[in-house]
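Chemist: This is the structure, below, for whatever I ask next.
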Amino acid sequence: MNDIQTKIQALRQKINTLNYNYYVLDKSDVSDYEFDKMLEELKQLEKEYPEYDDPNSPSHRVGGQITRNFPTVTHQKRMYSLDNSYSFEDIKDWAERVSKSIDDSVEYVCELKYDGLSISILYENGKLKQAITRGDGFQGDDVTPNVKTIRSIPLELSGKYPELFFIRGEIIMPKKSLEKLNAERIKEGLEPYANPRNTASGSLKLQDNSEVSKRGLDCYLYYVITDDTQYSTQWDSLQHAKNMGFKVGNYAKLCSTLEEVYQFIEYWNTERHHLPFEIDGIVIKVNSISEQEELGYTAKSPRWAIAYKFKAEKVETQLLSIDYQVGRTGTITPVANLKPVQLAGTTVKRASLHNEDFITNLDLRINDIVFVEKGGEIIPKIVDVNYDKREPGTIKLDFIKNCPACGTPLIREEGEAAHFCPNEKNCPPQVTGRLEHFVSRKAMNIDSVGAETVSMLHEKGLVNDIADFYTLKKEQLIHLDRMAEKSAQNMIEGIEKSKEVPFEKVLYAIGIRHVGETTAKKLAKEFRSIDRLKKASVEELENTEDVGEKIALSIREYFSDPEHLNIIRRLREYGLQFETEDTQEAISDVLGEKTFLFTGKLTAFTREQAEEMVEKHGGKNISAVSKNLNYLVVGEKAGSKLKKAQQLGTVIILDEYQFLDLIHNNSAVLRDE
């Protein structure tokens with residue numbers, strides 16, 4: 001290494017250390033002038049000797065890169081959302097569910113719930129490789145250049161670190177940064193930003209990352225994901241994250257009892273107002289990593305964590321009127337029109353009223369003075385009525401009897417809270433809603449076809465069902481309003497490209513009632529093709545993870561409709577994907593479609609590796625102990641699943657090495673059904 005290269009590396013190391021001390025430890029070692037001189041020297045040397053430039057150099061934090069579009073990237077490890085709670089009773093119920101599954105004393109880690117934008121950052125060989133927003137949990141936007149401008153996020157790690165790992169955290173805008181930004185905007189005659197969370201989110205998506213650099217964003221990291229087995233607890237991983245150079249903060253607490261958890265929540269419910277940033281609650285996690293694996297996930301959330309949300313801000317305003325909206329599946333949602341009021345940094349004009357029972361229970365009337373809060377401080381909702389201010393002569397509200405869009409009498413099924421319009425084929429909002437859903441990003445992802453375009457195509461009689469999109473011709477489109485030749489061409493190309501969308505998304509796109517994105521993914525994995533799914537019985541459907549009777553019956557009803565079958569036939573003829581491609585090559589069928597479940601702390605392999613082995617050798621993974629389970633593979637400290645399997649008496653119980661023998665020796669006798 002020559003003298004120039006040595007000098008450049010020494011400058012980088014010095015600047016990285018100063019950044020860490022200032023932005024993570026809140027300690028200033030040199031004046032701003034001295035720091036700026038060092039940075040200028042580094043930038044000049046890198047300019048003169050470009051062969052020594054490095055994308056993770058601290059000189060690149062100041063920005064200068066323009067990003068026109070942020071590419072959408074699939075998360076290698078899904079980013080789940082947390083279940084929310086608003087009372088200690090909820091926390092107690094969650095803790096009891098955890099204890100029943102673990103069958104042992106449980107430690108908890110309590111952390112602040114930062115009010116910002118979730119981020120997943122990939123590090124490889126100690127260097128920041130990629131940063132992706134949460135998005136929908138399955139895929140997010142690649143914002144790596146902008147994240148590199150946030151000085152509390154290390155570009156290179158110190159100490160010992162896994163060769164490859166993800167770290168999750170929250171990008172926030174500190175209160176002082178927002179105050180400074182708003183002071184500048186007011187000086188320029190611009191409207192000030194309302195709240196730190198939205199401003200942080202908007203700042204991270206600015207095209208010029210030199211502007212992102214000026215926004216004063218910060219980041220707290222709280223969850224390490226790695227195949228490396230060096231961490232046995234969440235608490236250990238947090239301490240090690242600090243040693244690697246991450247800003248973790250000193251706010252988390254290790255708790256051995258629920259009483260300690262409650263004390264932590266009560267403390268921060270008051271003290272949060274003195275923090276330099278906004279928080280909206282507390283996150284409680286099971287400390288043991290092996291117990292986290294044992295508890296697993298629901299369709300949306302980890303079972304080993306829960307968020308306690310602080311009571312939302314509440315304001316008074318007046319109910320002016322009620323609108324009734326028709327969703328794509330026919331569900332009727334009443335929406336309150338309110339006298340505009342400021343709430344948690346935003347102006348609220350509308351709020352959901354949920355259903356008839358909600359309106360009846362509140363005895364809600366037009367012109368009532370109502371209390372409004374934000375559920376989870378995001379979605380406005382009416383929570384009560386100020387009956388003392390009710391005007392005399394007000395009349396009780398009667399829920400509508402007919403669809404506001406098509407006039408069809410509404411139906412409310414037994415056990416359901418919502419009314420719905422059964423006129424699926426001809427109710428305009430349902431028809432256009434299904435069409436919009438089909439082309440949406442999470443479904444077929446036809447970028448060039450938005451809601452306005454869908455409405456126009458339907459009004460002109462060009463698209464009446466989802467299969468009609470694939471009959472469109474450029475010549476039909478160029479004569480439509482605001483449709484230039486280039487736009488028409490883009491639409492045709494987008495529709496053609498959608499034929500490559502995988503089966504799981506096509507299944508979600510066709511709009512089976514109650515089948516959401518996650519359920520569609522699990523059904524596609526389980527049944528592999530639309531033909532197998534069509535033939536599946538209710539019992540077979542219910543064997544799929546997270547599919548209950550309600551969803552199973554809805555699927556059977558969908559496939560019993562000849563019109564739906566005709567649409568699927570047409571879509572298949574147009575070239576859409578109705579089978580799942582095998583992403584992994586089968587090694588054998590030694591497991592003969594037997595079902596497996598893993599429980600306890602696994603030491604010979606990870607749970608993910610175990611489930612992959614099952615699939616590669618012809619078996620199936622299921623999520624619960626039931627009569628449909630053939631084999632339970634137990635690790636250390638196996639809890640309630642083992643007890644339940646023993647009680648059933650029909651499940652074969654193996655340890656990890658017996659499971660490996662079953663696969664590799666092919667000598668064990670498989671149980672006959």
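The values are calculated or read from the model by the stated rules, or taken from the named source; none is laboratory data. This one's a predicted model, so the numbers in the text were calculated from it and none came from an experiment. Virtual Cβ from ideal backbone geometry, glycine too; neighbours counted across all protein chains shown.
Chemist: In the set ALA520, ALA536, which member is among the aliphatic types (A, V, I, L, M) and either in contact with a Lys or Arg (Cβ under 7 Å, 6 or more places away or on another chain) or farther than 19 Å from ILE446 by Cβ (or both)? Steps first, answer last, please.
Modeler: On the way: ALA520 fails: either in contact with a Lys or Arg (Cβ under 7 Å, 6 or more places away or on another chain) or farther than 19 Å from ILE446 by Cβ (or both).
One residue alone meets the criteria, ALA536.
Chemist: Can you run down the residue pairs with Cβ atoms below 7 Å, 6 or more apart or on separate chains, where the first is in the stretch 636-663 and assigned by TED's automatic domain parsing to the domain that holds HIS617 and in a helix (DSSP H, G or I) and the partner is surrounded by 15 or more Cβ atoms within 10 Å (Cβ to Cβ) and polar (S, T, N, Q)?
Modeler: SER640/SER101; LYS641/THR599; LEU642/THR599
Chemist: Then there's this: Given the conditions (1) in contact with a helix residue (DSSP H, G or I) (Cβ under 6 Å, 6 or more places away or on another chain); (2) under 21 Å from LEU533 (Cα atoms); (3) surrounded by 20 or more Cβ atoms within 10 Å (Cβ to Cβ), which single one is not true for GLY619?
Modeler: Of (1) in contact with a helix residue (DSSP H, G or I) (Cβ under 6 Å, 6 or more places away or on another chain); (2) under 21 Å from LEU533 (Cα atoms); (3) surrounded by 20 or more Cβ atoms within 10 Å (Cβ to Cβ), only one is false for GLY619: (1).
Chemist: Follow-up. Identify the single condition in (1) outside any loop (DSSP other than H, G, I, E, B); (2) surrounded by fewer than 16 Cβ atoms within 10 Å (Cβ to Cβ) that GLY433 does not satisfy, given that it satisfies every other one.
Modeler: (2)
Chemist: Going residue by residue through the stretch 381-388, is there one that turns out to be in contact (Cβ under 8 Å) with a residue 24 or more places away in the chain, surrounded by fewer than 20 Cβ atoms within 10 Å (Cβ to Cβ), part of a loop (DSSP other than H, G, I, E, B) and hydrophobic (A, V, I, L, M, F, W, C)?
Modeler: Within the stretch 381-388, none of the residues are in contact (Cβ under 8 Å) with a residue 24 or more places away in the chain, surrounded by fewer than 20 Cβ atoms within 10 Å (Cβ to Cβ), part of a loop (DSSP other than H, G, I, E, B) and hydrophobic (A, V, I, L, M, F, W, C).
Chemist: In the stretch 214-230, what residues are farther than 17 Å from PRO162 by Cβ and either more than 26 Å from the chain's Cα centre (by Cα) or not hydroxyl-bearing (Ser, Thr, Tyr) (or both)? Explain how you work it out, then say what you get.
Modeler: At the first step, the residues of the stretch 214-230 found to be farther than 17 Å from PRO162 by Cβ are 214-220.
Scanning the stretch 214-230 gives LYS214, ARG215, GLY216, LEU217, ASP218, CYS219.
Chemist: Quick check, is GLU545 modelled with pLDDT under 95, outside the structural domain of GLY433 (by TED's automatic domain parsing) and surrounded by 15 or more Cβ atoms within 10 Å (Cβ to Cβ)?
Modeler: On the way: modelled with pLDDT under 95: yes; outside the structural domain of GLY433 (by TED's automatic domain parsing): yes; surrounded by 15 or more Cβ atoms within 10 Å (Cβ to Cβ): yes.
Considered against the rule, which asks whether it is modelled with pLDDT under 95, outside the structural domain of GLY433 (by TED's automatic domain parsing) and surrounded by 15 or more Cβ atoms within 10 Å (Cβ to Cβ), GLU545 comes out as yes.
Chemist: Suppose we keep only residues that are among the small types (Gly, Ala, Ser) and either in contact with a His (Cβ under 9 Å, 6 or more places away or on another chain) or surrounded by 17 or more Cβ atoms within 10 Å (Cβ to Cβ) (or both) within the stretch 482-527. Which one would you say is farthest from SER301 (Cα to Cα)?
Modeler: The initial filter retains those residues of the stretch 482-527 that are among the small types (Gly, Ala, Ser), namely 484, 487-488, 494, 498, 509, 511, 516, 520, 524.
Retained after the next criterion (residues that are either in contact with a His (Cβ under 9 Å, 6 or more places away or on another chain) or surrounded by 17 or more Cβ atoms within 10 Å (Cβ to Cβ) (or both)): 488, 494, 498, 509, 511, 520, 524.
On the way: ALA488: 41, GLY494: 33, SER498: 29, ALA509: 23, GLY511: 23, ALA520: 17, ALA524: 20 Å.
If we take residues in the stretch 482-527 being among the small types (Gly, Ala, Ser) and either in contact with a His (Cβ under 9 Å, 6 or more places away or on another chain) or surrounded by 17 or more Cβ atoms within 10 Å (Cβ to Cβ) (or both), then ALA488 is farthest from SER301 (Cα to Cα).
Chemist: Could you list, in sequence order, the residues of the stretch 406-418 that are at pLDDT 95 or above and either touching a Ser or Thr at 6+ places or on another chain (Cβ under 8 Å) or assigned to a loop (DSSP other than H, G, I, E, B) (or both)?
Modeler: The answer is CYS406, GLY407, THR408, LEU410.
Chemist: Taking the stretch 436-460 as the search range and keeping residues that are among the aliphatic types (A, V, I, L, M) and in a helix (DSSP H, G or I), which one is surrounded by the fewest Cβ atoms within 10 Å (Cβ to Cβ)?
Modeler: First, pick out the residues of the stretch 436-460 that are among the aliphatic types (A, V, I, L, M): 439, 443-444, 446, 449, 451, 454, 456-457.
Now drop any that are not in a helix (DSSP H, G or I), which leaves 439, 451, 454, 456-457.
Details: VAL439: 25, ALA451: 13, VAL454: 23, MET456: 17, LEU457: 23.
Per the stated criteria, the residue is ALA451.
Chemist: VAL315 passes all but one of (1) in a loop (DSSP other than H, G, I, E, B); (2) closer than 21 Å to ARG390 by Cβ; (3) not small (Gly, Ala, Ser); which number fails?
Modeler: Failed condition: (1).
Chemist: Any idea which of LYS396, LYS339 is touching a strand residue (DSSP E or B) at 6+ places or on another chain (Cβ under 8 Å) and not assigned by TED's automatic domain parsing to the domain that holds TYR193? Walk me through how you get there before you give the answer.
Modeler: Numbers: LYS396 fails: touching a strand residue (DSSP E or B) at 6+ places or on another chain (Cβ under 8 Å).
After applying the criteria, what remains is LYS339.
Chemist: Of the residues VAL73, VAL98, VAL109, which single one is assigned by TED's automatic domain parsing to the domain that holds TYR223, closer than 30 Å to ILE279 by Cβ, aliphatic (A, V, I, L, M) and in a strand (DSSP E or B)? Walk me through it before giving the result.
Modeler: Numbers: VAL73 fails: assigned by TED's automatic domain parsing to the domain that holds TYR223; VAL98 fails: in a strand (DSSP E or B).
Only one candidate qualifies: VAL109.
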